[in-house]
Structure formats: structure tokens, C-alpha cells
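Report on the following structure.
The values are calculated or read from the model by the stated rules, or taken from the named source; none is laboratory data. All figures in this text were calculated on a predicted structure; none of them were measured in a lab. Because the Cβ atoms are built from the backbone with ideal geometry, glycine has one as well, and the counts that use them run over all protein chains shown. What goes into the accessible areas is simple: the full protein's heavy atoms, side chains included, and nothing from ligands, DNA or RNA. Shrake-Rupley method; radii C 1.70, N 1.55, O 1.52, S 1.80 Å.
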Amino acid sequence: MPATGSANIGVVGLAVMGSNLARNLASREGNTVAVFNRSPERTHTLTSEHPEAGFVPSEGYDEFVASLAKPRTAIIMVQAGKGTDAVISELVQRFEPGDIIVDGGNANFHDTIRREKEISSTGIHFVGMGVSGGEEGALNGPSLMPGGTAQSYETLGPILQTIAAVAPDGEPCVTHVGTDGAGHFVKMVHNGIEYADMQLIAEAYDLIRQGTGKTPAEIADVFAEWNTGELESYLIEITAEVLRQTDAATGLPLVDVILDEAGAKGTGAWTVQNALDLGVPTSGIAEAVFARSLSSKRAQREAAADLPGPAEAWKVADGDADAFIEDVRRALYASKIIAYSQGFDEIVAGAEQFGWDVHKGDIAKIWRAGCIIRARFLNRIAEAYADDPSLVALVVAPYFRDAVAGAQDSWRRVVAIAAQAGIPTPAFSSSLAYYDGLRAERLPAALIQGQRDFFGAHTYKRVDRPGVFHTLWSGDRSEIETTPSSH
Ligand code: 6PG
């Protein structure tokens with residue numbers, strides 16, 4: 001029986017993420033960590049493999065709850081969904097007002113809002129927390145995105161600050177994102193950006209491979225080189241590692257023996273579903289989600305495999321490979337800026353819709369280390385929001401405006417070449433189309449309004465005077481003002 005109330009924090013769910021987070025907590029001075037898993041074998045394995053952690057193990061909920069000092073704080077690290085509700089219910093039955101339950105899984109933020117509402121009536125704090133960085137991050141320093149009450153963060157914040165990743169300027173990668181589901185919402189968008197970033201990198205690789213005939217190992221060198229400049233990021237770094245890997249069984253590049261069907265656990269799709277609900281064009285993320293879906297449509301891909309492509313195969317001319325690769329690098333950077341800009345737009349829209357006081361600059365800061373989308377240019381994003389907290393779109397901030405303007409010729413060349421060569425670049429292309437749509441002085445949306453008014457009397461506004469108008473399309477085609485303006 002563990003000493004009553006000896007642990008200042010507990011972890012429920014000891015699969016890899018939970019075990020690693022528990023070990024991370026235990027490694028920080030001042031923490032005594034209670035651990036509990038539904039099947040006790042996992043608890044035994046963890047405690048016997050890591051005696052140095054000084055874990056306080058339990059075999060049941062009563063014992064686990066008793067081992068926690070008050071106010072009790074427990075982090076749930078189980079697979080998102082029904083399992084989370086079951087654990088919450090067990091804890092709620094035993095916790096007291098002022099205690100804190102943290103859900104560190106990839107929960108849907110709508111579930112987090114619901115859970116918070118249900119639990120708050122008991123006086124127990126419920127915190128939905130985004131945790132990014134995979135297994136390695138959980139162990140050595142993740143980026144943490146807690147929501148919940150500000151009061152819960154007073155207890156939780158100092159503990160989380162000890163285990164979070166540390167940004168280059170020494171700041172821990174954790175902040176109180178906002179109330180109820182804000183943390184899981186921001187983690188969801190993080191994952192959406194992750195999908196877009198990965199798709200863009202994959203498109204860049206594909207263009208270089210098809211255009212120059214370089215081997216994966218040679219392209220690994222290109223990515224390693226890119227990782228020394230403005231594109232420096234975790235995803236670029238691991239791309240070089242993946243491309244360099246040889247398959248032990250065949251001796252082929254590993255990337256050539258991996259089945260080209262990308263999986264997804266759903267957070268990317270959630271990002272797009274919510275973007276649609278919020279009316280935010282996150283086209284880069286959407287294309288990335290759809291590209292994964294398309295890759296997995298094996299029967300359709302096989303049936304379509306003999307559809308005609310361009311008449312002539314395309315290759316970069318001899319001597320032009322370096323210039324082409326530089327074009328791709330710039331196109332990647334510009335598209336990446338669009339993906340992040342769209343992601344931040346969704347965070348702004350979500351915060352407005354759900355009443356969260358989210359500080360965009362702080363979000364950029366906590367993504368600088370620990371998480372999957374950590375990248376050098378997040379410093380630039382943080383600076384942009386610090387310079388202008390009411391910035392309407394990241395891409396119009398001076399640094400990003402210049403970056404995109406400097407890349408646009410390359411970007412257009414790459415998208416045009418891809419279209420002519422028949423190489424699918426949905427994320428590159430849609431990012432450029434978004435950029436052009438955003439900066440267009442006039443959009444053909446005016447025609448769409450005319451069409452809507454024609455078939456459904458949906459009305460339109462005019463550029464030259466206020467009011468709402470309808471043209472009598474089936475009559476004499478005169479215009480009537482349906483809602484007189486106040487003027
Ligand atoms: C992270 C990751 C992690 C995981 C996602 C995406 O931040 O550590 O985002 O949460 O990679 O679940 O996984 P899928 O690609 O399988 O959807």
C-alpha cells in the first residue's frame with residue numbers, strides 16, 4: 001500500500017506516451033509520481049524497469065487516488081474516446097472539489113468542452129491538454145497545450161513547466177491556452193498544420209526525384225542542407241533521415257519499399273471539418289488530408305493507372321537541377337507560410353466562436369520546441385504577433401509578405417511545371433491559389449452572387465451603394481432593392 005498522499009501528481013494509462021510522460025515527471029526535482037494502469041502488468045513493468053523514478057504504483061483506483069496529495073492532480077494518458085470517459089468517471093467518483101483531472105490524449109475538443117461542463121458542477125477541474133512530440137517528446141520534453149480553468153493552471157502550470165520542452169531562448173513550451181476545450185482545439189490545429197507540412201515536404205521530394213532523377217539518399221542531402229536555413233525544422237530533419245534509410249531485407253531505399261498509402265488517425269480531418277464549420281479556408285490542410293485519403297484508395301488508383309498523362313515524360317534539363325531544387329525550396333517555404341497562416345486563422349476563428357482568450361504569439365512560442373511542427377520560423381510568427389497582436393493574416397506581416405514575395409516566381413514555376421509534367425502537387429498548388437485569391441482585387445465571387453440571385457433570388461450587394469438587391473431575372477430584368485439601406 002503506497003504512502004497516503006505522497007505523490008504530487010499521478011498518471012493513469014501507462015502505454016508508451018503515459019509511461020514516458022510519467023518518467024519525465026519523475027525525473028524532475030520535487031515530483032513524486034503515482035502511476036496506475038488498468039492491467040497491472042504494465043505498472044509492474046514500468047516500476048521494475050525504472051526503479052530510479054521512485055514511482056508510487058497502484059493496482060486500483062482507490063489506492064491510486066489515496067496516493068495523491070491534495071489538491072490531487074492526475075493526468076490521463078489513454079486512447080481518446082470511450083476509454084477516457086471511463087477513467088474520468090472513476091476519478092470523479094473519488095476526487096474532491098479543487099482536484100484536477102487532466103486529459104492528455106488527442107481528444108476531440110467538442111468532447112473536452114462537454115466533459116468540462118459535466119465535471120465543473122462537481123467543483124473538480126477538468127483540463128484538456130494537447131501533448132505534442134511523440135514518444136521522445138513525452139520523455140524528454142513535449143510541447144504542452146493545456147486548456148481548462150485559469151485556477152487549475154496555478155497548480156498545474158509549475159509542474160508542466162518542469163517537464164515541457166525548452167525553447168532556444170530558455171522559455172518552457174507550455175502556456176495556459178484558454179478555457180475548456182481550447183488546449184485540444186489548438187492541438188488539433190497543430191496536427192492539421194503537421195499534415196500540411198508533411199504533404200508539402202512529400203511533394204517537394206517527389207518533384208525533385210521525378211525532375212532530377214536523384215536517388216533518395218541524394219535527396220536526403222538536399223533536405224539536410226535545407227535544414228541549415230530558413231526551412232530548419234524537425235520535419236525537414238527527419239525527412240533526411242527517412243530518405244537515407246536503406247531496407248535491410250532488399251538493400252533498396254526504405255522509402256521505395258514502404259507501401260504508398262498514408263494512414264491518419266483523424267485529427268487532420270477534424271481540423272478541416274471544424275474549418276468548414278467556422279468558414280475558414282484551410283485549403284492546404286484540407287489538400288493534405290485528401291492526399292492521404294487518395295493514397296489509400298487502392299482500387300480506384302489501380303483502375304485509373306492507365307489514364308493518360310502528359311504526352312512527353314518530363315525531366316529537368318542537364319545543368320538546371322540546382323536551380324530547380326532551389327525553386328522547389330522556395331515554393332515549399334512559401335506554401336508552408338500559407339499553411340501556418342491558415343492554421344492560425346482557424347485558431348483565431350475558434351477562439352472567437354468558443355469564447356477563448358487565445359494569445360497567438362504564445363501559441364507560436366510553445367510550438368518552437370518539443371512538438372512535431374517545431375521550426376525555426378515559429379520565432380518569426382511569434383515576432384509578427386508581438387509586433388501586431390491584431391494582425392489579420394500572418395501572410396501579410398512584413399517578414400512573411402517579403403518571404404512570399406521573394407518566393408513567388410519560383411512557386412509559380414514549380415506549380416506550372418508540376419501541372420505540365422503531371423506530378424500531383426495538391427498542397428503546393430492550392431497554397432498558391434489561396435495566395436492569389438487572397439491578394440486579388442476582384443474575385444469572380446461577383447458572378448457567383450449573380451448566379452445565386454438568378455436561380456434562387458438569394459440577392460446581392462452592390463459595390464457602389466449600400467443595400468440588398470435582386471434582379472427580376474424572369475421579368476423585365478430590372479433591379480429591386482429588397483432590404484432598403486438606412487441611407
Ligand atoms: C504529435 C503528433 C501526434 C500524432 C498525431 C497524428 O503532436 O505528437 O501530432 O499526436 O502524430 O496523432 O497522427 P496521424 O498522422 O496518425 O493522424
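Some notes on this structure:
- Val272, Val166, ranked by accessible area, largest first (probe 1.4 Å): Val166, Val272
- With a 1.4 Å probe rolled over the protein heavy atoms of all chains, the accessible area of Leu144, Leu278 falls in the order Leu278, Leu144, largest first.
- Approximate spin-label separation Gln93-Asp247, in nm, with each point projected 7 Å along Cα-to-Cβ: 5.0
- For the chain, the longest piece that avoids every one of the trypsin sites (Lys or Arg not before Pro) found in DSSP loops with at most 14 other C-beta atoms within 10 Å covers 29-264.
- Where the chain is the region considered: accessible area per residue in Å², 1.4 Å probe: 47
- Where only C-alpha atoms are counted, convex hull volume of the chain per residue in Å³: 207
- Long-range amide H partners of Gly128 with built H, under 5 Å: Asp103, Gly147, Gly148
- In the context of the full protein assembly, His110 retains an accessible surface of approximately 80 Å², using a probe radius of 1.4 Å and ignoring ligands and nucleic acids.
- Fully extending the segment from Leu294 to Asp387, taken as 0.36 nm per residue of separation minus the present Cα-Cα distance, adds 29.4 nm.
- Between helix 16-26 and the chain: long-axis angle, C-alpha atoms, 0 to 90°, nearest 10: 60
- Degrees between helix 150-163 axis and first principal axis of the chain (Cα, 0 to 90, nearest 10): 90
- Shown in residue order for segment 281-291 are the 3J(HN,Hα) couplings computed by the Karplus curve 6.51 cos²θ - 1.76 cosθ + 1.60 at θ = phi - 60°: x, 9, 5, x, 5, 4, 4, 5, 5, 5, 4 Hz (x for Gly and Pro).
- For segment 398-467: rounded, prolate or oblate by the Cα gyration tensor [a/c cutoff 1.5]: oblate
- Phe290, Phe428, ranked by accessible area, largest first (probe 1.4 Å): Phe290, Phe428
- Folded to 0 to 90 degrees: helix 321-354 orientation relative to the chain principal axis, Cα: 60
- Reachable aspartates and glutamates from Lys315, criterion Cα separation under 19 angstrom, eight or more residues apart if same chain: Glu203, Asp206, Glu218, Glu326, Asp327
- Among the listed pairs Lys117/Lys187; Lys214/Lys365; Lys214/Lys336; Lys336/Lys461, those whose Cα-Cα separation exceeds 31 Å are Lys214/Lys365; Lys336/Lys461.
- Accessible surface of Thr45 - all protein chains present, 1.4 Å probe, nearest 10 Å²: 60
- Whole-angstrom gap from segment 275-324 to segment 164-198, using each part's C-alpha centre: 28
- To put it simply, the accessible area of the chain at a 1.4 Å probe is 52 percent carbon and sulfur.
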